[in-house]
Amino acid sequence: MTDRTKYLLDESEMPTAWYNIVPDLPAPPPPPLHPGTGQPVGPDDLAPLFPQALIMQEVSGDRHVDIPGEVLDVYRLWRPSPLFRARRLERALDTPARIYYKYEGVSPVGSHKANTAVPQAFYNAAEGVTKLTTETGAGQWGSALAFACSVFGVDCEVWQVRASYDQKPYRKIMMETYGAVVHPSPSDITNSGRAVLAEHPDSTGSLGIAISEAVEMAAGDPSARYALGSVLNHVLMHQTVIGEEALRQFELAEDTPDVIVGCTGGGSNFGGLVFPFLREKLAGRIAPTIRAVEPAACPSFTRGVYAYDFGDTAGLTPLLKMHTLGHGFIPDPIHAGGLRYHGMSPLLSHIVEQGLVEAVAIPQNECFAAGVRFARSEGIVPAPEPTHALAECIREALRCKESGEQKVILTALCGHAHLDLPAYGSYLAGEMVDRELTQHEVEQALKGLPAMT
Ligand SMILES: *Cc1c(COP(=O)(O)O)cnc(C)c1O
């Protein structure tokens, strides 16, 4: 290993293809099903929502998909992103472990979401789509898509989960600066939104509700399409630029990860980091333990079931086989808004079912303690979501301190918190609460699963 603090690649070393892990898996993931027929959905079913190029990527069996030159040109604004060795955090923890983090907060919008927003806006614009609709939880995805739409001249309309719309006015201003139109969700301009408001006038919203609203609007407008910032195969594939770069950076570092951890909301930053490493592991070249970290308040991997469920609350999407808490589950308004989703990427769920990736859940106070510890040693204030990954890195580093093992730990620091500082304010004021879900609440939520599972 070398004694450097950061590992940088030249623009000329940027990956020129995304990696599709599906052909390298021991078995293919179960297909999405049409809720009416129970049959696998075909490209035609998805055409009202997505452009052909992305539908083809969603079902692709090719190991690599070339990144279009127009997309590479935009990626060059911030890629390749740096890999850091967290030497100061290691010292603060007095651990023999070596900790590395791949930092995606260098994108213009401050998170990894731009890696998929840019190709999604590009392919839609190339097929003549004039408007994209979407949902946003914490606001990172909405900001990323608004930025990407501004680059390719596409209109952008965003449903922002009410809790985040109220807590994070700066996110809305950022999206509007890029030219997007932003609605709080639930809103009174869609059937799905009105249905929720009729029952719960004070609803703080959820990603599932916001997805229903954005899907409904796109489906009703022939020149509009819908864009999703996580969960789907093509989204995880776009994010693999993170892991491909990190593999090259580990060569520069002359080191090899033993443990890879990442936070999972829908699975995209995690899949993006780990899939290239999992490819190497499946080929027998490396043997890292790979671990997903989710919030204790929204534990789809650790307390949900693996079953067919809707991706949204109103039941407008195809049925996806995934780890889910039930599409009616409304998580507590925890501060890691990007992790408040009832389901999980079907591809990643399948990989977890196959025993290739493990999962843990951590409550938010421990995560913010990790975020503060990281900020005070490394300087970057992490977004609330990756504090979950950092909390697990710290647990692992402290285990190494006990055992004396010199493990190499890698994580994705997938965004910074500059627009999420009220969450830190709440933590620093001692006002953050950890609420454990009761078994009864989990069982109630799972009762709403569609019968066909
Ligand atoms: C959206 C988001 C997440 C959660 O989504 P994944 O698809 O699981 O990555 C996590 N961290 C940040 C910074 C996000 O913007």
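The values are calculated or read from the model by the stated rules, or taken from the named source; none is laboratory data. Note that the structure is a prediction, hence the values are computed from the model and not measured. Glycine gets a Cβ as well: all are built from the backbone with ideal geometry, and neighbour counts include every protein chain shown.
Scanning the range 49-66 for residues being touching a strand residue (DSSP E or B) at 6+ places or on another chain (Cβ under 8 Å) and not in a helix (DSSP H, G or I) gives a total of 7. Out of LEU247, LEU236, one residue alone is under 26 Å from ARG395 (Cα atoms) and either of a type in the set (Gly, Ala, Ser) or out of contact with any Phe, Trp or Tyr (no Cβ under 6 Å at 6 or more places or on another chain) (or both). It is LEU247.
Taking the criterion of being more than 16 Å from GLY142 (Cα to Cα), polar (S, T, N, Q) and either in contact with a strand residue (DSSP E or B) (Cβ under 8 Å, 6 or more places away or on another chain) or modelled with pLDDT under 95 (or both), the only residue of the range 67-123 that qualifies is SER81. When LEU347 is tested against (1) among the hydrophobic types (A, V, I, L, M, F, W, C); (2) surrounded by fewer than 22 Cβ atoms within 10 Å (Cβ to Cβ); (3) within 14 Å of the ligand (Cβ to nearest atom), exactly one condition is not met: (2).
Here PRO384 clears all of (1) within 16 Å of the ligand (Cβ to nearest atom); (2) surrounded by 23 or more Cβ atoms within 10 Å (Cβ to Cβ); (3) more than 20 Å from HIS112 (Cα to Cα) except the condition numbered (3). Among (1) of a type outside the set (Phe, Trp, Tyr); (2) modelled with pLDDT of 90 or more; (3) not in a strand (DSSP E or B), there is one condition ARG435 misses while meeting the rest; what is its number? So the condition that ARG435 fails would be (2). Scanning the range 236-277 for residues that are of a type in the set (D, E, K, R) and outside any helix (DSSP H, G or I) turns up GLU254, ASP255, ASP258.
May I ask you to say which residue of SER300, SER345 is without any contact (Cβ under 8 Å) to a residue 60 or more places away in the chain and touching a Gly at 6+ places or on another chain (Cβ under 7 Å)?
Details: SER345 fails: without any contact (Cβ under 8 Å) to a residue 60 or more places away in the chain.
Within the list SER300, SER345, the selection yields SER300.
Just the residues that are assigned to a strand (DSSP E or B), over 16 Å from the mean Cα position of the chain (by Cα) and not hydrophobic (A, V, I, L, M, F, W, C), please, taken from the range 331-384. Selection gives GLU358 alone.
Checked against (1) assigned to a helix (DSSP H, G or I); (2) surrounded by fewer than 23 Cβ atoms within 10 Å (Cβ to Cβ), GLU392 passes all but a single condition, namely (2). Of the residues making up the range 98-118, those that are touching a Cys at 6+ places or on another chain (Cβ under 7 Å) and within 11 Å of the ligand (Cβ to nearest atom) are GLU104, SER111, HIS112. Against the conditions (1) assigned by TED's automatic domain parsing to the domain that holds GLU280; (2) touching a Pro at 6+ places or on another chain (Cβ under 8 Å); (3) surrounded by 15 or more Cβ atoms within 10 Å (Cβ to Cβ), VAL41 satisfies every one except (1).
Of all residues being in the same structural domain as THR387 (by TED's automatic domain parsing) and among the aromatic types (Phe, Trp, Tyr) in the range 100-145, which is nearest to the chain's Cα centre (by Cα)? Just the residue, please. My answer is TYR103.
Out of GLU294, GLU280, I need the residue that is in a helix (DSSP H, G or I) and either among the polar types (S, T, N, Q) or modelled with pLDDT of 95 or more (or both). Which one?
That would be GLU280, the only listed residue that is in a helix (DSSP H, G or I) and either among the polar types (S, T, N, Q) or modelled with pLDDT of 95 or more (or both).
From the list ALA144, ALA114, ALA138, ALA126, the one residue that fits, being out of contact with any Asp or Glu (no Cβ under 8 Å at 6 or more places or on another chain), crowded, with 24+ Cβ neighbours inside 10 Å and in contact (Cβ under 8 Å) with a residue 40 or more places away in the chain, is ALA144.
What's the total number of residues in the range 297-308 that are part of a strand (DSSP E or B) and either surrounded by 21 or more Cβ atoms within 10 Å (Cβ to Cβ) or small (Gly, Ala, Ser) (or both)?
2
Specify which of the listed residues (LEU449, LEU419, LEU413) is at pLDDT below 95 and within 16 Å of the ligand (Cβ to nearest atom).
Of the residues listed, the single one that is at pLDDT below 95 and within 16 Å of the ligand (Cβ to nearest atom) is LEU419.
Whenever a residue of the range 261-279 is within 8 Å of the ligand (Cβ to nearest atom), its partners that are hydroxyl-bearing (Ser, Thr, Tyr) and in a helix (DSSP H, G or I), lying with C-beta atoms within less than 7 angstrom and at least six residues away or across chains, give the pairs SER268/THR116. When restricted to residues that are assigned to a helix (DSSP H, G or I), closer than 17 Å to TYR178 by Cα and more than 16 Å from the ligand (Cβ to nearest atom), the range 119-161 contains 7.
Given the condition over 14 Å from CYS414 (Cα atoms), acidic (Asp, Glu) and not assigned by TED's automatic domain parsing to the domain that holds VAL106, answer yes or no: does some residue in the range 256-267 qualify? No, there is no match, as no residue in the range 256-267 is over 14 Å from CYS414 (Cα atoms), acidic (Asp, Glu) and not assigned by TED's automatic domain parsing to the domain that holds VAL106. In the range 396-408 there is at least one residue that is without any contact (Cβ under 8 Å) to a residue 40 or more places away in the chain, farther than 22 Å from LEU83 by Cα, of a type in the set (Asp, Glu) and away from the ligand (no atom under 16 Å from the Cβ).
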